[in-house]
Amino acid sequence: MKKLFTIFGNPVSHSKSPLMHNLSFQNLNYNGCYTREKLEDGTKLRDRFFDLDISGANITVPHKEEAFKACDELDEFAQKVGAVNTIVKKGDKLYGYNTDAPGFLKAISEFRNIKKVLFLGAGGTAQSTSIILRDAGYEVTLLNRSATRLERYKTEGFKTYTFKSFRSVDRYDLIVNMTSAGLEDDNLPCPIEILESVIEETKACVDVIYGKETPFLKFAKKHNKPTKDGSDMLLYQGVIAFEYFTEHQFRFEEIKKQMQKAFAL
Ligand code: NDP
């Protein structure tokens with residue numbers, strides 16, 4: 001019987017996930033179909049999941065915290081970060097996972113000799129990725145426009161700065177734009193003076209925004225730094241979600257090979 005999957009979010013019309021997963025289902029001969037569901041009220045996610053009679057789902061902005069609450073069981077990492085982007089139904093229970101953070105970790109693994117990482121931004125994506133990076137041995141510092149979002153990071157022991165309090169006393173091996181600055185505008189994620197004070201000593205720059213060259217990546221390229229956008233993070237979170245959806249029937253590399261084709265279209 002065909003298994004159904006979907007992505008919940010608002011908006012979802014731009015999402016690449018249906019294409020990524022459907023191509024993989026087709027080319028790996030898995031009897032599955034993946035759709036998209038615009039969901040305005042995140043508290044309705046669980047009911048909607050059961051109404052649609054689906055086997056699994058991805059969850060995107062702004063419902064990852066509601067998705068966390070909607071699950072009966074959470075894996076250890078999802079529990080720790082409080083955000084879920086992948087749900088799988090097993091029996092009549094919903095199991096929640098976070099594949100964004102392992103996807104990001106894999107995406108930056110190509111950069112060698114990285115220890116100190118500066119995150120520009122402290123929103124939802126920064127939350128799970130900062131924790132997985134720390135668990136993997138990186139030292140993460142967060143710089144954010146507003147002070148309020150930094151409170152929880154401070155409590156968790158991260159070094160944090162606002163634009164006003166920032167002092168470039170450290171050298172950062174990797175700088176990551178974790179904000180939405182540059183997504184639908186031409187903004188840098190922080191004042192250019194701050195970027196200028198850290199760029200020379202950095203080894204590489206990464207943006208989590210994908211499919212465009214953001215002002216941040218343009219700035220990094222101008223300073224001759226290796227860069228990458230958020231496409232690999234998107235690809236890898238999808239591959240890991242696909243592994244959960246199909247109960248690890250396929251190897252990572254063979255899923256990756258098929259899913260990647262969605263980026264060439
Ligand atoms: P949140 O809404 O949770 O957080 C937004 C962050 O961006 C906050 O730190 C906010 O700062 C900051 N910000 C927004 N606009 C500006 C600006 N003009 N200047 C400086 N700071 C700004 O967003 P998410 O964490 O969910 O998403 C962040 C980005 O990650 C998005 O661009 C999203 O597309 C991308 N993403 C990519 C994925 C991928 O697979 N490649 C997966 C998930 C997300 P403040 O606190 O001051 O408001």
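The values are calculated or read from the model by the stated rules, or taken from the named source; none is laboratory data. Keep in mind the model is a prediction, meaning the values are calculated, not measured. We place every Cβ from the backbone using ideal geometry, glycine too, and count neighbours over all the protein chains shown. Just so you know, the surface numbers come from the protein's heavy atoms only, side chains and all, with ligands and any DNA or RNA stripped out. Shrake-Rupley method; radii C 1.70, N 1.55, O 1.52, S 1.80 Å.
So the values come out like this:
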quantity	calculated
Fraction of beta bridges assigned by DSSP in the chain that are antiparallel (%, nearest 5)	20
Residues of segment 62-104 with amide N under 14 Å of a point placed 7 Å along Cα→Cβ from Asp53	none
Neighbour net charge for Thr86 - beta-carbon separation under 11 angstrom, K R +1, D E -1	-2
Extension gain from Glu253 to Glu73, taking 0.36 nm per residue of separation minus the Cα-Cα distance	62.0 nm
Accessible area per residue in Å² at 1.4 Å probe, computed on the chain	48
Expected 222 nm ellipticity per residue - DSSP helices of 4 or more, -39500 (n - 2.57), all of the chain, to 500	-10500 deg cm²/dmol
Heavy-atom accessible surface of the chain: percent carbon and sulfur, 1.4 Å	47
Length-normalised contact order of the chain in % [C-alpha pairs under 8 Å, at least 6 apart]	17
For segment 35-128: relative contact order, % (alpha-carbon pairs under 8 angstrom, 6 or more apart)	22
